[in-house]
Amino acid sequence: MKGYSSPKSPWLLLVLLVIGGLIGGLLGAAFGNMLPILNQGFDPIGLNPTTINLKVITITFGLIFKLNVASIIGFILALFVYFRI
């Protein structure tokens, strides 16, 4: 059938976004001296690490995203790959 595509897994999208962000961040750090725009960062967003001590178990959770231009390009390329598969 023309125009029909099988449903894609959201887990695949998540994995591709993580890989794209990591590769983009690494390339931005590696080539940041030659192209400073790639290493241009934004304010970190997320939740600072928080610790809950229950005497029996200690739980620490937090999530912080530190984005730069290269990692955003990696996210966009990951979305492109996801929709092309």
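The values are calculated or read from the model by the stated rules, or taken from the named source; none is laboratory data. This one's a predicted model, so the numbers in the text were calculated from it and none came from an experiment. Don't worry about glycine lacking a Cβ; one is built from the backbone with ideal geometry, like all the others, and counts go over all protein chains shown.
Does residue 13 meet the test of being modelled with pLDDT of 90 or more, part of a helix (DSSP H, G or I) and among the hydrophobic types (A, V, I, L, M, F, W, C)? Yes, satisfied. Tell me, yes or no, whether the range 16-36 has at least one residue that is closer than 25 Å to residue 80 by Cβ, touching a residue at least 60 places away in the same chain (Cβ under 8 Å) and over 17 Å from the mean Cα position of the chain (by Cα). Looking through the range 16-36, none of the residues is closer than 25 Å to residue 80 by Cβ, touching a residue at least 60 places away in the same chain (Cβ under 8 Å) and over 17 Å from the mean Cα position of the chain (by Cα). Just one residue in the set 45, 76, 59 is surrounded by 10 or more Cβ atoms within 10 Å (Cβ to Cβ) and more than 12 Å from residue 24 (Cβ to Cβ); that residue is 45.
Go through the range 37-78 and give me each residue that's more than 21 Å from residue 15 (Cβ to Cβ) and among the small types (Gly, Ala, Ser). Correct list: 41, 62.
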